[in-house]
1. When you check Thr63 against the structure, is it in contact with a Phe, Trp or Tyr (Cβ under 8 Å, 6 or more places away or on another chain) and over 28 Å from Glu281 (Cβ atoms), yes or no?
2. How about region 266-347: which strands (runs of 3 or more DSSP E) wholly inside it have at least 1 residues that are of a type in the set (Ser, Thr, Tyr) and closer than 28 Å to Cys29 by Cα?
3. Has region 134-144 got any residue that is outside the structural domain of Tyr484 (by TED's automatic domain parsing), out of contact with any helix residue (DSSP H, G or I) (no Cβ under 9 Å at 6 or more places or on another chain), surrounded by fewer than 17 Cβ atoms within 10 Å (Cβ to Cβ) and of a type outside the set (D, E, K, R)?
4. Here are Arg147, Arg208: which of them is of a type in the set (Lys, Arg) and in contact with a Lys or Arg (Cβ under 7 Å, 6 or more places away or on another chain)?
5. Please note which helices (runs of 4 or more DSSP H) are completely contained in region 115-233 and include at least 2 residues that are under 27 Å from Leu343 (Cβ atoms), of a type outside the set (Ser, Thr, Tyr) and in contact (Cβ under 8 Å) with a residue 12 or more places away in the chain.
6. In a helix (DSSP H, G or I), of a type in the set (Ser, Thr, Tyr) and more than 30 Å from Trp291 (Cα to Cα): does that describe Ser96?
7. Give the residues of region 234-243 that are in contact (Cβ under 8 Å) with a residue 24 or more places away in the chain and either out of contact with any helix residue (DSSP H, G or I) (no Cβ under 9 Å at 6 or more places or on another chain) or aromatic (Phe, Trp, Tyr) (or both), sorted by residue number.
8. Is it the case, given these coordinates, that Lys150 is touching a helix residue (DSSP H, G or I) at 6+ places or on another chain (Cβ under 9 Å) and of a type in the set (Lys, Arg)?
Amino acid sequence: MCIVTLSKVTPKVPYLETCSTIKRVMQRCGIPGMSVAVLHKNQLVFAEAFGKRNQTDPYTIETLQPIASLTKTFTAAAIGELVAEGKVDWNTTPISTYLPDFQLKDPVLTSQITFSDLLSELSGLPDNYLRWHNSTKPRKELIRDLRHDKTTQKLGANFKSNDVMYAVAGEAAAHVAGAASYEQLVLDKVIHPLGLANTGFSQSNMKRLSQNYALSHMAYSLDGAQKGETRIFPLDEKPYMALAAAEDVYSNVLDLVRWGKVIMDLGAVDGKQVLNRMSVEETLKAFTFDWSDKPNYWAEFDPIYSYGFGWMLDSFCGQRYFNARYASDVTFFPDHDLVVVMLANTSVFGHVNSFLQFSIATPMLNISGVKTIKDENGHDSWIEKGAIPIAEEGYAGIEFIGGGVFLPIAVADRNPLMFADDLKAYVGVYSDPFWGEFHITLGDKEEEEEKKKEGKDPSSTIITKAEEEKKKEREVLRFRYNEYTSTLEHYDQNTFIATFDDVLFKMQVLMSFLPDTETSQQGLPDSNEFPRENLKIQDVVGALGISDAVFSKTKVLTTTLHGVRLRSPPDEPDKKESKEAKEQILKFKYTDFTSTLEHYDQNMCIVKYDDVMVKMHIVILFLPDVEIARLSGISNAIFTKIKVYSKTISA
């Protein structure tokens, strides 16, 4: 085992000025706690920590925390060791050869994808991140589900972050190597040989290693972040993470500055080759390209950056650098033997790690003419002209997605629930072969609120049959998807707002219960009490990647556990329809076609086309207007309501 050593801290960085800059950017950008380490010519010239790692304890340079997407650089390095051993290759053999479970719907695409394609994150590959995130399903089963993806795109050359494909690469590498797991492969090939004692997998292991760990903080506005109004999340102590190859490594700045040095020296440590040199070089080559927005704020950056295997390649003032980042950041300048590392306990860090490391590095890069670093008052201009605008954009997005700002206005009074008098009709398990299962259950509104205040899971509510009638008015629907769970808020007609909320994001989507027109309307095999319906996820902004997925009800829940009540047949109507209501009919007109609409099921009607050229029946489905409304049966043509007719008995 080789231990990477560092020399004693030497004051080559302007210490007071650097500390002042870091404190200022933390205050202006709302960073609760962070640590910074700088290694220059194998000397640790700066190592300091600021703020708090949790609500009370100080952040230190030894503080551990998950490093998120920087994990990908460890995955690529481990696979590189297998390439050096001749067990796999980068870009010749398809992944499906190493991992037969990996099959996409398009067999040609399956036969083309190699380790190089996965690690360079080429666009066009399926990314069902939401399905994998917080899932406890074995990776091989999740990988087998990828064959149900409907993506028809081909391999491209543009960068598109795809954690799922890194998980596939990690699983394929572990399978070929005969390792007990992907995690063990990286430990054996990379982390242990380098002696990175403060680096490993899973937050539960991190907690066992040291009590000096950071908790993730999340603010929902820039103003709130600046005032310290943050939500603190507990550790995710599940022993298994499906996306471990993309985001499960933990570390601290002292280990990460060593890691940056090893990669910068192409796998060598103190002159001894520990990782294969050619493999490390391959991870640093440019494979995909994208536009950078940093030149809009700081002219010293190139307008285009490239991406290798977990590492971004760019230049600053003509000096090339390599960078991997998210809530963690490792940046190194190989021509100057310089590594800058930053960790922060917030997932909203991109506005800081787009600039801060370059401000710190500038004195050691021996460059002149960097005029935009300081403003007329002597302050770092990148904070106000770069970091703050990016932060404002980022937090505006958080409010837009998490607060439901994008949702159109609903008119609930005009659009009643399909089963307003019996929410049990919606209860069940809704499945999609690609996205998995949504569980819809019943709960008690008052008990939900009480349990939320107590910090308990509202889904643990048990409602006995004797309480059903008394509590019926307080009934609410809940959903569970992987580890996500929350109450469904009625939005419009048969559509509800579902909130996905965890340490990475808070987002609202629309869930619509639709009649199932492709299968029998008589209900499921275990229950014919209600018409069978589907669940459609309408991810209006597309941020979850699950937009327009349709989940078919595959099971009716019949237990009283977790707020799910015993199902019973609906009661007979207490009152008969009025004579006027019975006489009301709907008619339609389309060009010269005209006919009466015959009610079919729920919000669906049958339309009869009949003339000399064609005679056929189609189904019209009326949906709430969520920016668009789809008319079923005419190849998904989109019809938007533009006029409301006055009610009459005849039409």
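1. So Thr63 fits the description; yes.
2. 304-307, 312-316, 319-325, 328-333
3. Yes.
4. Within the list Arg147, Arg208, the selection yields Arg147.
5. Here the list reads 115-119, 129-132, 163-177, 182-186, 203-209, 222-226.
6. Taking the combined requirement at face value, the residue satisfies it.
7. Within region 234-243, just Tyr240 meets the criteria.
8. Considered against the rule, which asks whether it is touching a helix residue (DSSP H, G or I) at 6+ places or on another chain (Cβ under 9 Å) and of a type in the set (Lys, Arg), Lys150 comes out as no.
The values are calculated or read from the model by the stated rules, or taken from the named source; none is laboratory data. Please read these numbers as outputs of a predicted model, since none were measured by experiment. FYI the Cβ positions are ideal-geometry reconstructions off the backbone, even for glycines, and counts take in every protein chain you see.
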